[in-house]
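Right, one structure below, let's go through it.
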Amino acid sequence: MEIEIQNLRKQYGNTHAVNGISFSFSSGQVFGFIGPNGAGKSTTMRVLATLEEPTSGNATIDGVSVVEEPEKAHKYIGYVPDNLPSHRDITVHEYLDFFARAYNIRGEKRRKTVEGVEEFTNLLGIRDKTLNALSKGMKNRVSIARALVHDPPVLLMDEPAAGLDPRARIELRELLKVLASQGKAILISSHILSELAEICTGAVIIERGKILRAGTLQEILTRNSKGKSHRTVVIRPLNRADELLKAVLELPGVEDARPIEGAVEVDHSGDDEGCCDLLENVIRAGFRLLEFRPRRADLEQIFLDVTRGDVQ
Ligand SMILES: Nc1ncnc2c1ncn2[C@@H]1O[C@H](COP(=O)(O)OP(=O)(O)OP(=O)(O)O)[C@@H](O)[C@H]1O
């Protein structure tokens with residue numbers, strides 16, 4: 001199942017909340033949706049969840065347009081909004097049962113479905129509590145359970161980890177892994193990048209309604225903003241670090257280099273082969289090395305780099 005967002009725009013008055021974004025993800029993938037406050041993440045999710053119409057553009061789920069066939073598309077989607085279930089005087093079980101009913105799940109099947117979801121989201125023990133008596137983490141689980149009741153192939157989760165304690169975060173992460181392994185396509189927004197990097201297979205970085213980077217983690221972490229292959233390498237010489245800095249700047253493929261605590265950090269425009277060439281060239285230039293280590297950029301660093309505005 002493929003989810004394709006095509007040149008999507010959403011305008012509120014003069015605000016271009018989403019300004020022509022395109023990306024895609026598919027079954028079994030967990031895509032992190034990352035961007036500063038007001039970047040357009042929630043708006044995009046609400047449009048995908050068929051809760052709002054876009055100003056222009058389209059999004060399809062296995063070819064079904066959320067704009068042209070919202071009712072059909074809606075069935076494919078489980079949406080976890082950023083606001084938690086409001087204070088209502090009904091129990092967790094009644095709440096979930098209500099949604100199962102709304103999805104036309106009847107009789108014994110409904111009982112089994114709701115119980116299955118309660119078990120999966122670890123709610124069985126608190127199913128008779130009323131919503132207004134729940135902690136934030138519990139409510140969060142109820143939100144996720146609600147989104148899973150009709151077993152949708154696509155999950156859109158808007159900040160599901162916000163306000164969760166460490167244990168609940170870990171549980172959420174495990175839950176997401178299981179859901180992805182079941183073949184669900186998951187788009188999850190979060191500000192906790194280190195956590196996203198652990199569970200995501202891809203990411204979309206958005207700022208001011210525009211996409212700065214999108215793709216699998218491998219693509220994002222090893223390519224620069226122009227889509228070219230890119231590596232950062234740390235080279236620690238036995239001595240003469242200053243000379244090494246000058247020397248590497250003359251080498252092919254080196255885009256930039258800077259000193260870091262007795263070593264040199266080099267931005268290189270090559271792939272793995274290019275890294276090997278760089279190592280050979282440094283040794284040929286007469287330097288003795290204690291360390292030569294391609295540094296795997298993390299999502300946090302990429303986020304900081306690209307949201308500095310180098311694209312827009
Ligand atoms: N209903 C609305 N009416 C007017 N403007 C809106 C509306 N919803 C969102 N916006 C504006 O659209 C822009 C994008 O908002 P959105 O909520 O999508 O951002 P976000 O990336 O989810 O932010 P956050 O990380 O803070 O949740 C913001 O400038 C916001 O003020």
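When residue 72 is tested against (1) under 30 Å from residue 21 (Cα atoms); (2) surrounded by 15 or more Cβ atoms within 10 Å (Cβ to Cβ), exactly one condition is not met: (2).
Taking the stated definitions as given, is residue 194 surrounded by fewer than 18 Cβ atoms within 10 Å (Cβ to Cβ) and within 30 Å of residue 257 (Cβ to Cβ)? When the stated conditions are applied, residue 194 passes them. Note on the stretch 89-128: residues that are charged (D, E, K, R) and farther than 13 Å from residue 145 by Cα total 9.
Restricting attention to the stretch 271-309 and to residues that are small (Gly, Ala, Ser) and modelled with pLDDT of 80 or more, the residue that is surrounded by the fewest Cβ atoms within 10 Å (Cβ to Cβ) turns out to be 286.
Take the residues in the stretch 206-219 that are farther than 19 Å from residue 2 by Cβ and surrounded by 20 or more Cβ atoms within 10 Å (Cβ to Cβ), then tell me which one is farthest from the ligand (Cβ to nearest atom). Across the stretch 206-219, the extreme among qualifying residues is 213.
Considering the conditions (1) touching a residue at least 60 places away in the same chain (Cβ under 8 Å); (2) touching a Phe, Trp or Tyr at 6+ places or on another chain (Cβ under 7 Å), residue 5 is excluded by exactly one of them, (1).
Within the stretch 75-91, no residue satisfies the criterion of being touching an Asp or Glu at 6+ places or on another chain (Cβ under 8 Å), surrounded by fewer than 16 Cβ atoms within 10 Å (Cβ to Cβ) and without any contact (Cβ under 8 Å) to a residue 60 or more places away in the chain.
A single member of 79, 95 is part of a strand (DSSP E or B) and either hydroxyl-bearing (Ser, Thr, Tyr) or more than 17 Å from residue 139 (Cβ to Cβ) (or both), and it is 79.
Condition test on residue 179, is it touching a residue at least 12 places away in the same chain (Cβ under 8 Å) and over 10 Å from the mean Cα position of the chain (by Cα)? Judged against the criteria, residue 179 is a match. With the condition kept exactly as written, say whether any residue in the stretch 84-91 is in a loop (DSSP other than H, G, I, E, B), within 16 Å of the ligand (Cβ to nearest atom) and either outside the structural domain of residue 7 (by the TED database) or not small (Gly, Ala, Ser) (or both). Checked the stretch 84-91: at least one residue is in a loop (DSSP other than H, G, I, E, B), within 16 Å of the ligand (Cβ to nearest atom) and either outside the structural domain of residue 7 (by the TED database) or not small (Gly, Ala, Ser) (or both). Screening the candidates 312, 218 for the property of being under 30 Å from residue 38 (Cβ atoms) and either modelled with pLDDT of 90 or more or not assigned by the TED database to the domain that holds residue 27 (or both) yields one hit, 312. In the stretch 10-22, the residues that are on the phi < 0 side of the Ramachandran plot reach residues that are among the hydrophobic types (A, V, I, L, M, F, W, C) and within 9 Å of the ligand (Cβ to nearest atom) with C-beta atoms within less than 8 angstrom, at least six apart or across chains, in these pairs: 10/17; 10/18; 11/17; 21/206.
crowded, with 17+ Cβ neighbours inside 10 Å, of a type in the set (A, V, I, L, M, F, W, C) and within 11 Å of the ligand (Cβ to nearest atom): does that describe residue 49? For residue 49, the condition - crowded, with 17+ Cβ neighbours inside 10 Å, of a type in the set (A, V, I, L, M, F, W, C) and within 11 Å of the ligand (Cβ to nearest atom) - is not met.
Test of understanding: among 32, 57, which residue is within 16 Å of the ligand (Cβ to nearest atom), surrounded by 16 or more Cβ atoms within 10 Å (Cβ to Cβ) and within 18 Å of the chain's Cα centre (by Cα)? Answer to the check: 32.
The values are calculated or read from the model by the stated rules, or taken from the named source; none is laboratory data. In this text, all values refer to a predicted model and were calculated from it rather than measured experimentally. Note that each Cβ is placed from the backbone with ideal geometry, even for glycine, and that neighbours are counted across all protein chains shown.
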